[in-house]
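Inspection log for the structure reproduced underneath, given as structure tokens.
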Amino acid sequence: MKKYRGAFIKNEREIGCLAEANRMVANILDAVGDIVKPGITTSQIEDIAQNMCKEYGVKPAFEGYYGYPFATCCSVNEQVVHGFPNQRPLVEGDIVSVDMGVVYDGFVGDAARTFMVGEVAEDVRKLLRVTEEGLYIGIQQAHAGNNVYDIGAAIQKYVEGEGFNVVRRFVGHGVGAKMHEKPEVPNFRPKMPGMPLHNGMVIAIEPMVTMGTWEVDILEDKWTAVTRDGKWAAHFEHSIAITPDGPKILSVSDRGLKRYAPQC
């Protein structure tokens, strides 16, 4: 790996390892989506992730990271990110975002999706659709010649135009041999120059979108982030390689790339 202003530039082999790590993560998220329904618990989601990591022979990237105690972050309703899996059954109308990472051959895969639990309210369906669409709008800006803040500017413009807000406290990031590398990838437009994007960079783009305020608080567990006003939030994430042919989504499962939020 080479460095550009602190960001690592990956070669073809390294991007291949990152793609394989992210394929595993995407497969785990597919398996999670298969079981999400009223009555299951987020602890069952954690069990699926742990068991599939054992099958793949990989280490969960989140477990033990700065003391985080689980393989998954399972954030329900007003929880934005970093929610702890637990034994509370999900109920009809809930949403749950699942953020997951693995370490494969020294490289990290990182992706997230928000799932509906049964039938949800129409405004919640729109929240999920706008969040995932915002992710893909951001991905379109992830090419050499742009700077990293062009991604956040595009996401923010779209999300706010649809009547929602983007969280400022948590941002996307470079990903490689470490889970969080430079550059930071905000989902909004900071008032400063952004780092230019170069071919070979690998970044995780992850809009976190709220139905109300973008401000968040951290619960007493020192991890779980919730919206300050208690309104609901959604989270989608892909890991992306910047290539001469444009952005390449690495977190693609064996089922292929598809949209997961409701499209109507």
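The values are calculated or read from the model by the stated rules, or taken from the named source; none is laboratory data. The structure displayed is predicted, hence computed values, not measured ones. Note that each Cβ is placed from the backbone with ideal geometry, even for glycine, and that neighbours are counted across all protein chains shown. Accessible surface is based on the protein model in full, side chains and every heavy atom, while ligands, DNA and RNA are left aside. Shrake-Rupley method; radii C 1.70, N 1.55, O 1.52, S 1.80 Å.
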Next item on the list: Kindly list the number of the only condition in (1) out of contact with any helix residue (DSSP H, G or I) (no Cβ under 8 Å at 6 or more places or on another chain); (2) at pLDDT 95 or above; (3) open to solvent by 10 Å² or more (accessible area, probe 1.4 Å) that fails for residue 167.
Entry: (3)
Next item on the list: For residue 210, indicate whether it is of a type in the set (S, T, N, Q), in contact with a Gly (Cβ under 7 Å, 6 or more places away or on another chain) and touching a residue at least 60 places away in the same chain (Cβ under 8 Å).
Entry: no
Note to self: What's the total number of residues in segment 143-159 that are in contact with a Leu (Cβ under 8 Å, 6 or more places away or on another chain) and open to solvent by 50 Å² or more (accessible area, probe 1.4 Å)?
What the structure shows: 2
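Okay, residues lined up against (1) farther than 15 Å from residue 225 by Cβ; (2) touching a residue at least 24 places away in the same chain (Cβ under 8 Å):
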| position | (1), (2) |
| --- | --- |
| 43 | yes, yes |
| 60 | yes, yes |
| 69 | yes, no |
| 74 | no, yes |
| 88 | yes, yes |
Next item on the list: For segment 1-119, please list each of the strands (runs of 3 or more DSSP E) lying entirely inside it that holds at least 3 residues being more than 14 Å from the chain's Cα centre (by Cα) and surrounded by 16 or more Cβ atoms within 10 Å (Cβ to Cβ).
Entry: 7-9, 95-104
Check: Is one or more of the residues making up segment 217-229 among the basic types (Lys, Arg), farther than 19 Å from residue 124 by Cα and out of contact with any Leu (no Cβ under 8 Å at 6 or more places or on another chain)?
Finding: yes
Checklist line | Long-range neighbours under 8 Å by Cβ, at least six apart or interchain, first residue among the basic types (Lys, Arg) within segment 227-246, second in a loop (DSSP other than H, G, I, E, B) | finding: 228/213; 228/215; 231/78; 231/211; 231/212; 231/213
Margin query: I'd like the residue in segment 187-215 that is open to solvent by 10 Å² or more (accessible area, probe 1.4 Å) and under 19 Å from the mean Cα position of the chain (by Cα) and, out of all such residues, is farthest from residue 11 (Cα to Cα).
Written below: 211
